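Structure record follows, encoded as structure tokens.
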Amino acid sequence: MIIYYKNEEYGFNSNGELPKGSRMIEMSCLSSDTKPTQNLVQGSLALEADTGTVYVFDGSAWNEI
């Protein structure tokens, strides 16, 4: 189960850097959960509660840190 601690939507675009509707998230999940990848801002964070592994979103994929 995914729990969002932060889920902020950004409304940029027309000359902004981010597509309208992009979100910065901080979440916890289980390692078996599928982490979202659509419309996320680089730097979003995910904590796998069952493994303690922390991930950061690089703009296209989640990477363990």
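Rule-based calculations on the coordinates, nothing more; no lab input. In this text the structure is predicted, and so the values were computed from the model without any measurement. Don't worry about glycine lacking a Cβ; one is built from the backbone with ideal geometry, like all the others, and counts go over all protein chains shown.
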Please arrange Lys6, Lys35 by counting, for each residue, the other beta carbons lying within 10 Å of its beta carbon, fewest first. Lys6, Lys35
Could I have the simple spin-label model distance between Ile3 and Ser60, label points 7 Å from Cα toward Cβ, reported in nm to one decimal? 3.3
